[in-house]
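Here is the structure we will look at, set down as structure tokens.
The values are calculated or read from the model by the stated rules, or taken from the named source; none is laboratory data. As the structure is a prediction and not an experimental result, all values here were calculated from the model. A quick note on method: Cβ atoms are made from the backbone with ideal geometry, for glycine too, and the neighbour counts reach across all protein chains shown.
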Amino acid sequence: MSEAQRSPLGDFLRTRRERLAPADVGLAPGRRRRTAGLRREEVAELAGIGVDWYIRLEQGRAVSPSATTVEALGRALRLGKAEQAHLRALTDNAGRRPFVRETVPGAVLRVVEGLNQPAYVTGRRWDVLAWNAAADAIFTYSAAPQEDRNSLIRMLTGAGARTLFGDTWRGEAQRMVAEFRATHDLWAGDPAFVDLLDRLRAGCPEFDGWWETHDVRTGGGAGRKHLNHAKLGPLTFEYATFQANDDPALKLVIYSPV
């Protein structure tokens, strides 16, 4: 089934259900199970909702669960904080407009360009929209065509990122995929996001396996990165991210040398 045909809500519920064993929720194993995880009727019982209603949710049919039902499903599926927030977002995603690439306001652009530390701005699809000279010296954004100025494309589909991040590449890449998944599911089926997924699948052998687990994480506001730059040598940075008040889709990332 193509990404555009699949229901992000249904797929998320299914993957959370299949990762749980009966013992995890206090149930006896019962008769032999053909597939891993809980049965749909078990999740429905734990959540206190009808089996048919739950099946309709997992099949991606047009139903609108109440906030109480969403919370009950989260408890039944033992969701973490980020997963519960994602479930709420998936069930409250009506009226989404087609994706349009963001524009960085002039004031924000001048702030970025005036910083001595590496800094750049990304949009909701993780497109790199603006950067300063210090960031360009490390990530060479200006040398890439616009369609390749995307954090996921650069991290997952090119050999350069694997060399730059070295032993930390796999962990960083998986983290980025899980954080992006939380945004993608709200735009599933939009041509811009479908095109991005197609490129990631074609360019990264590991991507499909990570994507199918449907892991979600909240965006990392700060952290540390270790890089092995071909010209500048080993580099360690602490980074912090900030949202623009005028457009929360814009995220400013600033790196500070350690």
(request) Output the qualifying pairs, or none if there are none: Cβ atoms under 8 angstrom, residues six or more apart or on different chains, first residue in the range 63-74 and part of a loop (DSSP other than H, G, I, E, B), second residue charged (D, E, K, R). (result) Val63/Arg56
(message) Can you list residue pairs whose Cβ atoms sit under 8 Å apart, with the first residue in the range 138-155 being farther than 23 Å from His226 by Cβ and the second being of a type in the set (Lys, Arg)? Count only pairs 6 or more apart in sequence or on different chains.
(response) Asp148/Arg154
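For (1) of a type in the set (Val, Ile, Thr); (2) in contact with a Ser or Thr (Cβ under 6 Å, 6 or more places away or on another chain); (3) crowded, with 19+ Cβ neighbours inside 10 Å, each residue gets a yes or a no:
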{"position": "Thr183", "(1), (2), (3)": "yes, no, no"}
{"position": "Asp190", "(1), (2), (3)": "no, no, no"}
{"position": "Asp195", "(1), (2), (3)": "no, no, no"}
{"position": "Arg199", "(1), (2), (3)": "no, no, no"}
{"position": "Gly203", "(1), (2), (3)": "no, yes, no"}
{"position": "Phe207", "(1), (2), (3)": "no, no, yes"}
{"position": "Trp210", "(1), (2), (3)": "no, no, yes"}
{"position": "His214", "(1), (2), (3)": "no, yes, yes"}
{"position": "Arg217", "(1), (2), (3)": "no, no, no"}
(message) Between Leu90, Leu109, Leu77, which is under 18 Å from the mean Cα position of the chain (by Cα) and surrounded by 11 or more Cβ atoms within 10 Å (Cβ to Cβ)?
(response) Leu90
(message) I'd like the residue in the range 149-160 that is part of a helix (DSSP H, G or I) and modelled with pLDDT under 95 and, out of all such residues, is nearest to Trp210 (Cα to Cα).
(response) Ala159
(request) Collect the residues in the range 1-31 that are exposed (fewer than 15 other Cβ atoms within 10 Å of the Cβ), modelled with pLDDT under 90 and part of a helix (DSSP H, G or I), keeping them in residue-number order. (result) Ala23, Asp24
(message) Restricting to the range 45-59, and then to whatever is closer than 16 Å to Gly10 by Cβ and surrounded by fewer than 16 Cβ atoms within 10 Å (Cβ to Cβ), can you tell me which residue is nearest to the chain's Cα centre (by Cα)?
(response) Gln59
(request) Identify all residues within the range 156-171 that are surrounded by fewer than 16 Cβ atoms within 10 Å (Cβ to Cβ) and under 15 Å from the mean Cα position of the chain (by Cα); write none if there are none. (result) Gly171
(request) Report yes if some residue within the range 194-213 is closer than 19 Å to Ala182 by Cβ and assigned to a strand (DSSP E or B); otherwise report no. (result) no
(request) With the condition kept exactly as written, say whether any residue in the range 92-104 is under 21 Å from Glu179 (Cβ atoms) and polar (S, T, N, Q). (result) yes
(request) Considering only the range 40-62, state which residues are modelled with pLDDT of 90 or more and outside any helix (DSSP H, G or I). (result) Gly48, Ile49, Gly50
